[in-house]
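Q: Before anything else, here's the structure in question.
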Amino acid sequence: MELINNKYLLIEKIGSGKFGSIYKGFNKRTKEYVAIKIEPIEKELKLLKNETLIYQYLINCPGIPNIKWFGKDDKNYYMVITLLGNSLQNFIEKNTNFSLLSTLELGIKLINLVKIIHEKGLIHRDIKPDNFLFSLNSNNELFLIDFGLCKSYLKDNKHIKMKKLNNIIGSINYCSLSSLEYNELSRRDDMESLCYILLYFYSGSLPWKKEIDLSNIIKLKQNIINDKSYPNILINLLKYVRNLKFEDKPDYILIIYNFKIEIEYLNKIN
């Protein structure tokens, strides 16, 4: 087995993406299992370096894994973080669709995680089920990961300005309509992506999941607010988020309050 930094053993590959690969590893000195993210230097992405800075900035924040080491050799950059369990994506695939009650309970957890990084002046920009992981031994605790596309929405303590981008940021299935129109992202876009996760969690699918034409994906995302098969509380949240202005702060407390009221009602009638 390959040895990194004289103490981390690479055990098995557990994921991959545009950045490179992620492995399950083992710290020979502390006897603990870890996750090791590897990015080839030749790709010149430098996403891991940015992600490491984000993890260091968010250290000790609830729901954010701890970074243990960052370094490089002649071929790769390496980042070592807490080893976590299955992703929310794995969980949905194994269990198909969920009740509205379960969806709202999940929603509160996701909103709280997104709220934490927003309050630190950051936007994630790649909110999707793959980037929420359960703890290694429990399905009750969720963590937010993958900060390679994360950035600050503040500059000199002022909100950044809207501008056009050269590419779409985030996953096509979960990115906001604004991202699909090549616009700069803000807090509202993270929340719109979160809405799509909840719609997916509830129904087990999304209307544009198998679509490849970008214009059709945009139309389907625009029209989902008219789909009566989804609960009003989820559609109303999506409408609210889409109506936020670029610099607006989402009212996380009110959203969670509305979810809790609905949960209380569902518990009474069940």
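Q: Take the residues in the stretch 124-157 that are of a type in the set (D, E, K, R) and outside any loop (DSSP other than H, G, I, E, B), then tell me which one is nearest to the chain's Cα centre (by Cα).
A: Here the residue is Asp130.
Q: Of all residues in the stretch 17-46, which are of a type outside the set (Lys, Arg), surrounded by 12 or more Cβ atoms within 10 Å (Cβ to Cβ) and not in a strand (DSSP E or B)?
A: The answer is Gly17, Phe19, Gly20, Ile41, Leu45.
Q: Quick one: in the stretch 69-95, of everything that is among the basic types (Lys, Arg) and over 22 Å from the mean Cα position of the chain (by Cα), which residue is surrounded by the fewest Cβ atoms within 10 Å (Cβ to Cβ)?
A: Restricting to residues being among the basic types (Lys, Arg) and over 22 Å from the mean Cα position of the chain (by Cα), the top hit is Lys75.
Q: Of the numbered conditions (1) surrounded by fewer than 20 Cβ atoms within 10 Å (Cβ to Cβ); (2) over 11 Å from Gly148 (Cβ atoms), Tyr8 satisfies every one except a single condition; which is it?
A: It is condition (1) that Tyr8 fails.
Q: Follow-up question, since we're still on this one. Considering each residue of the stretch 52-68, count those that are under 19 Å from Leu136 (Cβ atoms), touching a residue at least 24 places away in the same chain (Cβ under 8 Å) and outside any loop (DSSP other than H, G, I, E, B), and give that number.
A: Count: 2.
Q: Six or more apart or on different chains, Cβ atoms under 8 Å: show the pairs whose first residue is in the stretch 226-248 and more than 16 Å from Ser176 (Cβ to Cβ) and whose second is in a loop (DSSP other than H, G, I, E, B).
A: So the pair list comes out as Asp227/Pro207.
Q: Restricting attention to the stretch 249-270, and to residues there that are touching a residue at least 12 places away in the same chain (Cβ under 8 Å) and over 21 Å from the mean Cα position of the chain (by Cα), which single residue is surrounded by the fewest Cβ atoms within 10 Å (Cβ to Cβ)?
A: Kept after step one, since they are touching a residue at least 12 places away in the same chain (Cβ under 8 Å), are these residues of the stretch 249-270: 249-250, 252, 255-256, 258-260, 262-263, 266-267, 270.
Now drop any that are not over 21 Å from the mean Cα position of the chain (by Cα), which leaves 258, 260, 262-263, 266-267, 270.
Values: Asn258: 16, Lys260: 13, Glu262: 19, Ile263: 18, Leu266: 15, Asn267: 9, Asn270: 7.
The extreme case among them is Asn270.
Q: Scan the stretch 206-219 residue by residue and report those that are closer than 22 Å to Phe98 by Cα and touching a residue at least 12 places away in the same chain (Cβ under 8 Å).
A: Scanning the stretch 206-219 gives Leu206, Pro207, Trp208, Lys209.
Q: Quickly run through the stretch 1-16 and pick out the residues that are part of a strand (DSSP E or B) and farther than 13 Å from Tyr78 by Cα.
A: Matches in the stretch 1-16: Ile11, Glu12, Lys13, Ile14, Gly15, Ser16.
Q: Now for a separate question. So in the stretch 150-185, with the set limited to residues that are among the basic types (Lys, Arg) and in contact with a strand residue (DSSP E or B) (Cβ under 7 Å, 6 or more places away or on another chain), which one is surrounded by the most Cβ atoms within 10 Å (Cβ to Cβ)? Walk me through it before giving the result.
A: Our first condition is that a residue be among the basic types (Lys, Arg); within the stretch 150-185, this holds for 151, 155, 158, 161, 163-164.
With in contact with a strand residue (DSSP E or B) (Cβ under 7 Å, 6 or more places away or on another chain) added as a condition, the list becomes 151, 164.
Numbers: Lys151: 17, Lys164: 8.
By that ranking, first place goes to Lys151.
Q: Would you call Phe143 in contact with a helix residue (DSSP H, G or I) (Cβ under 7 Å, 6 or more places away or on another chain) and either under 26 Å from Gly20 (Cα atoms) or among the aromatic types (Phe, Trp, Tyr) (or both)?
A: Here the answer is no, as Phe143 does not meet what is asked.
Since every read-out is calculated from the coordinates, none of them should be taken as a lab result. Everything numeric here is computed off the predicted structure, so don't read it as measured data. Note that each Cβ is placed from the backbone with ideal geometry, even for glycine, and that neighbours are counted across all protein chains shown.
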